[in-house]
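K.L.:
Shown below is the structure under consideration.
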Amino acid sequence: MPVDQLQEIAEMIGRLESAEKITALFNSVLAQGVPASEIAEKAVRPGMAIVGKKYEAGEYFLAELLYAGSLVTDLLKILEPAMKSQQLPSKGVIVLGTVRGDIHDIGKNIFKTLAEGSGFEVHDLGVDVDPNSFAEETAKSSPAIVALSALLTTSLAEMKNTVQTLASRVLENDRNIILGGNAVTKAFADEIGAHAALDAVEGVELCKRWSK
């Protein structure tokens with residue numbers, strides 16, 4: 001069953017198995033007609049979440065994190081054609097990036113793929129993005145939404161700094177700021193005047209509601 005195979009892919013990513021084995025099962029699931037968004041959310045994201053938790057617990061180190069990141073980036077590239085196959089009307093611009101001090105981009109890239117597949121134009125600033133860079137790009141491109149990503153709990157302070165910078169420099173209110181990543185909670189987002197998405201699918205659905 002596809003659901004069992006999605007869980008198996010997630011566990012294989014978490015165990016850092018060979019790219020060949022994971023890609024073979026990944027392509028098999030995609031060929032069965034499972035939506036690309038479901039594969040991203042139920043296989044890729046939880047797989048990388050396992051890796052992230054093992055990294056924070058000291059079970060994995062930088063080499064393992066880099067391997068997992070490279071693997072997942074390649075898997076997302078397989079999904080991109082399916083995500084972009086529909087020609088959808090533009091829903092607006094999203095400025096996206098991982099906050100300063102955090103170099104993790106897997107969750108960010110999943111969100112980007114899903115958002116572009118839903119009709120958004122995503123301006124991806126990359127990783128380790130300082131608050132002023134977010135503010136400058138927001139002022140330049142007038143996005144509908146600013147999306148901030150963080151994997152590590154130590155990055156939450158930078159999320160707060162970025163939200164404060166955006167609020168003081170370029171945004172009249174906080175309704176267009178969305179936070180995502182394993183470190184983020186609803187309570188934290190409420191505390192700093194933003195909105196939280198606990199996974200990429202929820203984040204894109206929230207962005208779609210804002211764009212109406």
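The values are calculated or read from the model by the stated rules, or taken from the named source; none is laboratory data. Note that this is a predicted model, so its numbers are computed, not measured. Every residue, glycine as well, gets a Cβ built from its backbone with ideal geometry; the counts of neighbours run over all protein chains shown.
K.L.:
Give the residue that is surrounded by the most Cβ atoms within 10 Å (Cβ to Cβ), with candidates limited to residues of segment 144-173 that are of a type in the set (D, E, K, R) and over 20 Å from the mean Cα position of the chain (by Cα).
P.N.:
Out of the qualifying residues, it is Arg169.
K.L.:
Do we have any residue at all in segment 35-51 that's polar (S, T, N, Q), outside the structural domain of Lys140 (by TED's automatic domain parsing) and either in contact with an Asp or Glu (Cβ under 9 Å, 6 or more places away or on another chain) or free of Cβ contacts under 8 Å to residues at least 24 places away in the same chain (or both)?
P.N.:
Looking for residues that are polar (S, T, N, Q), outside the structural domain of Lys140 (by TED's automatic domain parsing) and either in contact with an Asp or Glu (Cβ under 9 Å, 6 or more places away or on another chain) or free of Cβ contacts under 8 Å to residues at least 24 places away in the same chain (or both), one finds none in segment 35-51, hence no.
K.L.:
Do the conditions hold for Lys42, that is, is it surrounded by fewer than 19 Cβ atoms within 10 Å (Cβ to Cβ) and of a type in the set (Lys, Arg)?
P.N.:
In short, no.
K.L.:
Modelled with pLDDT of 90 or more, among the aliphatic types (A, V, I, L, M) and outside any helix (DSSP H, G or I): is that true of Ile94 in this structure? Full working, then the answer.
P.N.:
Working: modelled with pLDDT of 90 or more: yes; among the aliphatic types (A, V, I, L, M): yes; outside any helix (DSSP H, G or I): yes.
Here the answer is yes, as Ile94 does meet what is asked.
K.L.:
Among what's in segment 115-129 and is in contact with a helix residue (DSSP H, G or I) (Cβ under 8 Å, 6 or more places away or on another chain) and in a loop (DSSP other than H, G, I, E, B), pick the residue that is modelled with the lowest pLDDT.
P.N.:
By that ranking, first place goes to Ser118.
K.L.:
If you don't mind, there's one more thing I want to ask. Go through segment 97-114 and give me each residue that's surrounded by 24 or more Cβ atoms within 10 Å (Cβ to Cβ) and either of a type in the set (Gly, Ala, Ser) or assigned to a strand (DSSP E or B) (or both).
P.N.:
Once the filter is applied, which keeps residues that are surrounded by 24 or more Cβ atoms within 10 Å (Cβ to Cβ) and either of a type in the set (Gly, Ala, Ser) or assigned to a strand (DSSP E or B) (or both), segment 97-114 yields Gly97, Thr98, Val99, Gly107.
K.L.:
List, please: which pairs have Cβ atoms under 6 Å, are six or more places apart or on different chains, and start with a residue in segment 177-204 that is under 17 Å from Lys112 (Cβ atoms) and assigned by TED's automatic domain parsing to the domain that holds Ile110 and end with one that is buried (at least 20 other Cβ atoms within 10 Å of the Cβ) and of a type in the set (Ser, Thr, Tyr)?
P.N.:
Final answer for the pair search is Gly180/Ser149; Gly181/Ser149.
K.L.:
Of the conditions (1) over 15 Å from the mean Cα position of the chain (by Cα); (2) within 23 Å of Ala43 (Cα to Cα); (3) of a type in the set (Ser, Thr, Tyr), Ser118 fails just one. Which one is it?
P.N.:
With respect to (1) over 15 Å from the mean Cα position of the chain (by Cα); (2) within 23 Å of Ala43 (Cα to Cα); (3) of a type in the set (Ser, Thr, Tyr), Ser118 is out only on (1).
K.L.:
If only one of Asp74, Asp130 is in contact (Cβ under 8 Å) with a residue 24 or more places away in the chain, surrounded by fewer than 20 Cβ atoms within 10 Å (Cβ to Cβ) and assigned by TED's automatic domain parsing to the domain that holds Glu20, which one is it? I'd like the intermediate steps shown before the answer.
P.N.:
Details: Asp130 fails: assigned by TED's automatic domain parsing to the domain that holds Glu20.
It is Asp74.
K.L.:
Determine if segment 48-67 includes at least one residue that is among the small types (Gly, Ala, Ser), crowded, with 21+ Cβ neighbours inside 10 Å and either at pLDDT 80 or above or within 17 Å of Val204 (Cβ to Cβ) (or both).
P.N.:
So in segment 48-67, the residues among the small types (Gly, Ala, Ser) come out as 49, 52, 57-58, 63.
From what is left, the residues that are crowded, with 21+ Cβ neighbours inside 10 Å are 52.
From the residues that got through so far, the ones that are either at pLDDT 80 or above or within 17 Å of Val204 (Cβ to Cβ) (or both) too are none.
No.
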